[in-house]
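Asks: Structure incoming, see below.
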Amino acid sequence: MLRPKSMERVLLVGSKERLEEVLETIRELRVLHLEEFTGTEKGKPLEGSEEISEKLISLRSVLSRLSEEIRQVYSELNPIHKITEEEIEKKEKEILNIISRLQSLLEERDKTKSTLNDKKSEINLLRILESLDIRLDVFHEYETIDYKVGVTQTELNEEMLKSELNSDEFEIFTGFHDGKNILAIFYRKELSKSVERVLDRFGFSELEEIYKITKKYRSGHPSEIMSSLEMELHEIKENASRLEAEILSILRENLFRILAYEEYLKAKSMVKEAPLWVGVTKETFLLEGWAPSDSIDSLSSLKDIFFTKIEEDENSEPPTLLENPQLIKPFEALVNSYSVPRYHEIDPSSLIFVTFPLFYGLMLGDVGYGMLLLILTSSGILKSFLEKLGFGSSSRVISKILLVSSVWTIIFGYVYNEFFGFEILRNILPYPSFLPVHRLGKEGIKELFLITVTIGIAHLYLGLIMGFRNKAIEEGLRKAIHEKGGWLLILTGMTVLVYGLILPMVTGSQGISGSMELFVLLIISGSFLLVSGGLGIEIVEIPSILSNILSYTRLMAIGISSAVIAVSFNEMGIESILSGNEILGGLILLSGHSINLALGIIGPGLHSLRLQYVEFFTKFYLGGGRRFSPFGLERKYTIPRR
């Protein structure tokens, strides 16, 4: 559980004639992480790979364009109906005809949408011309007259233009559309420069697209043409609806067959392209990779294939396959989002399974909020909400992590005697003499300061001890003693400083005699180990250990801020209710606690994660591993050939 799954490096050798058969078998076993073979000539894609690749690319193009429709239909068609490869091959021609029909419908739909947008654009431009109350017959090519249509920043009239142009050899039409002043001006061509100069002064912006309409429709009033276009628009929309209905109908009848065909092609393509990773000679193939130790038998039992294990050398880096119980699996995502563990490293997933929810509950700590979070996560409401926000497959992982965190939130809510900010649990539930901890009281804050600092020190010790173990395995015990041993002594010195001097100042308790002397001795001893190990430059980071320890006081600070917000809303809400404003008081309580719960879900999660990544992981975790990616695919829609 604290180590990735044990891996073995293996070599498979066999006749080239059997390569495709062997690859198909390995694909279904899904236990071999292929490595690119070096030292001999590489193989070439198998016969038919290009045709399969083209079919797959074409199909995925169709599926990507139908993503919204597929999502809609998929939700209607549960459960999934699996299809055998034999059935797919038997009905491949029929499936290809269905895909071809979908392609035709998509092309027709795209053309229809384009036409629809063009007609809408034309109607919008005609509305501009309609505001001028002008017939399209006047927009002709004249020998002596020119014209412009556009938008002006200020409203113009004939008298203003006469004054500006010192001429009356023009005619204007004005209108108002969509909050803008519209102007059409007809003038003698010799006035062109003067007209442009005057219009510029009035912020005139020419509507070039208007001229497409005037050239296309050379006569009639804009309202008459719009009426005709509206009828066309109605027909186009009906056609678009018909196309959409036919697409949905085809998908409802054939979606699983289409998805199965894609999976079938993907499986075939995988095998056809795999020889690019395989070494070949004139008669044989050589296939190398990594397999879990408990899956070796399934590979060694392949008929007429030479199988052998290869000894690891110091440069080999096996891929990482994390092995954790289902309850801990979601927390692997937190580890992998930082970096995949290297094969020889400790897998911290099971540790984060304890510390992340623990820190989360310590901060949020309210029975009411914890119960609400438990309901939201266990019912799937939070997962559905996150999916709508675009979190996709991460929604399930986040929901499961918060489910565990909600339990710790309830536990610490009991410790703090808080239910939606009200300290009422002690009146209902039995409490031992040392509880509850009143985190808004003076003594409670002191207790929390001591608790969070102690948790922080323990967390850092755990990180450095695991770092010592990793370093000893990778670079030897001597290196581990100098590097991690030195930091353990420095952390111990800082612990003495915190318990002997800092905590007494904060809590008012008695300090530990000789703390300063012991602190100095431990810091010097740790520094000596670092310097003697060639790590003298790291001495400058000694103060960071103290800041790491004190960083854990955020567990107290975030929790107190959440409690203060809850109490504040409670006081405002109850005050409103007691003054006779029951509805207002209820709204204050409901909205206030909803906001505080939303902040409580996000804030503790981010700060708990920050303590894992910045304070904890930096003490032992390097990451940079390779995720175990077995050759093969998980069958969702197809049943492989027997």
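The values are calculated or read from the model by the stated rules, or taken from the named source; none is laboratory data. Here the structure is a predicted model, which is why all the values come from computation and not from measurement. Here the Cβ positions follow ideal geometry from the backbone for every residue, glycine too, while neighbour counts run over all protein chains shown. These area figures cover heavy atoms from the full protein model, side chains too; ligands, DNA and RNA do not enter into them. Shrake-Rupley method; radii C 1.70, N 1.55, O 1.52, S 1.80 Å.
Asks: Kindly report the accessible area of the chain per residue (heavy atoms of protein chains, probe 1.4 Å, no ligands, DNA or RNA), in Å².
Replies: 51
Asks: Counting only Cα atoms, I'd like the Rg/Rh figure for segment 33-111, Kirkwood definition for Rh.
Replies: We get a ratio of 1.10 for segment 33-111.
Asks: At most 11 other Cβ atoms within 10 Å and a DSSP loop assignment: could you name the GluC sites (Glu not before Pro) in segment 558-636 that fit?
Replies: The qualifying sites are 634.
Asks: Another one. Rounded to the nearest percent, how much of the accessible area of segment 139-298 (1.4 Å probe, protein heavy atoms only) is carbon and sulfur?
Replies: 47
Asks: Still on this structure: Two decimals is fine: what is log10 I(q)/I(0) at q = 0.15, 0.23 Å⁻¹ for segment 517-642, from a Debye sum with one equal scatterer on every Cα and no solvent?
Replies: With no solvent term, the Cα-only Debye profile gives -0.88, -1.25.
Asks: Using only the Cα atoms of segment 423-564, what are the Rg and Dmax in Å?
Replies: 18.6, 61
Asks: Quickly estimate the mean residue ellipticity at 222 nm for the chain, helices only: each DSSP H run with n ≥ 4 gives -39500 (n - 2.57), and the total goes over all residues, rounded to 500.
Replies: -19500 deg cm²/dmol
Asks: Any idea which of 265, 279, 476 is furthest toward the positive side of the dipole for the chain, if Lys and Arg beta-carbons carry +1 and Asp and Glu beta-carbons -1?
Replies: 476
Asks: Another question, if that's okay. Specify which residue in the list 134, 124, 12 is farthest towards the positive end of the charge dipole of the chain, using unit charges on the beta carbon of Lys, Arg (+1) and Asp, Glu (-1), about the Cα centre.
Replies: Positive-end residue among those listed: 12.
Asks: If eta is 0.890 mPa s and T is 25 °C, what Stokes-Einstein diffusion coefficient results for segment 266-424, Kirkwood Rh from Cα pairs, in µm²/s?
Replies: 124
Asks: Go through 177, 140 and list them by solvent-accessible area, largest first, probe radius 1.4 Å.
Replies: 140, 177
Asks: Okay, next question. With +1 on each Lys and Arg Cβ and -1 on each Asp and Glu Cβ, how big is the dipole of segment 122-225 about its Cα centre, in debye rounded to the nearest 20?
Replies: Magnitude of the dipole: close to 240 debye.
Asks: Can you compute 3J(HN,Hα) from phi for each residue in segment 141-150, using the Karplus curve 6.51 cos²θ - 1.76 cosθ + 1.60 with θ = phi - 60°, rounded to whole Hz and x for Gly and Pro?
Replies: The phi angles translate into 7, 10, 6, 10, 10, 10, 8, 9, 10, x Hz.
Asks: Moving on to the next point. With every protein chain present, what accessible area does residue 241 have (1.4 Å probe, heavy atoms only), rounded to the nearest 10 Å²?
Replies: Its heavy atoms expose roughly 70 Å² to the probe.
Asks: Whole percent per 5 Å bin, from 0 to the bin with the longest distance: what is P(r) over all C-alpha pairs of segment 154-238?
Replies: Reading the bins upward from 0: 3, 10, 19, 21, 16, 13, 8, 5, 4, 2, 0.
Asks: How big is the charge dipole of the chain about its Cα centre, in debye rounded to the nearest 20, if each Lys and Arg gets +1 on its Cβ and each Asp and Glu gets -1 on its Cβ?
Replies: Computed about the Cα centre, the dipole is about 2020 debye.
Asks: If you project the alpha carbons of segment 189-296 onto the principal axes, what extent comes out on each, in Å, largest first?
Replies: Largest first, segment 189-296 extends 89, 42, 31 Å along its Cα principal axes.
Asks: If the viscosity is 1.567 mPa s and the temperature 4 °C, what Stokes-Einstein diffusion coefficient in µm²/s follows for segment 592-642 when Rh is the Kirkwood radius over Cα pairs?
Replies: 83
Asks: With a cut-off of at most 14 other beta carbons within 10 Å, and DSSP calling the residue loop, which GluC sites (Glu not before Pro) in segment 20-52 qualify? Please list them.
Replies: 36, 47
Asks: While we're looking at this one, here's another question. Summing Lys, Arg as +1 and Asp, Glu as -1, what charge do residues with Cβ under 11 Å from the Cβ of residue 233 carry, residue 233 excluded?
Replies: Combined, the nearby Lys, Arg, Asp and Glu give -3.
Asks: Two-decimal Rg/Rh of segment 18-167 from alpha-carbon positions, Kirkwood Rh?
Replies: Ratio of gyration radius to Kirkwood radius for segment 18-167: 1.33.
Asks: Using only the alpha-carbon atoms of segment 398-445, report the extent along each of the three principal axes, biggest first, to the nearest angstrom.
Replies: Principal axes ranked by extent give 35, 23, 19 Å for the Cα atoms.
Asks: A further question follows. Considering only C-alpha atoms, what is the centroid distance from segment 599-631 to segment 247-287, in Å?
Replies: Cα centroid of segment 599-631 versus Cα centroid of segment 247-287: 35 Å apart.
Asks: Based on Cα coordinates alone, diagonalise the gyration tensor for segment 368-436, multiply each eigenvalue by 5, take square roots, and list the semi-axes in whole Å, largest first.
Replies: 31, 10, 8
Asks: Let me ask something additional. With point charges of +1 on the Cβ of Lys and Arg and -1 on the Cβ of Asp and Glu, referenced to the Cα centre of the chain, which listed residue (225, 518, 605) lies farthest in the positive direction of the dipole?
Replies: The one lying farthest along the dipole's positive direction is 518.
Asks: For Cα Rg over 2.2 N^0.38 Å, the choices are [x] 1.08; [y] 1.44; [z] 1.17; which was calculated from the structure?
Replies: Read-out taken from this structure: [y].
Asks: Scanning the chain for helices, which whole DSSP H stretches are 27 Å or more long along the axis (Cα) and average -1.0 or more by Kyte-Doolittle?
Replies: 92-131, 222-273, 394-416, 442-475, 554-578, 582-610
Asks: Sticking with this structure for a sec: Could you give the size of the charge dipole of segment 194-252 about its Cα centre, using +1 on the Cβ of each K and R and -1 on the Cβ of each D and E, expressed in debye and rounded to the nearest 20?
Replies: 120
Asks: Quick one: Cα convex hull volume of segment 125-267, Å³ per residue?
Replies: Here the figure is 183 Å³ per residue.
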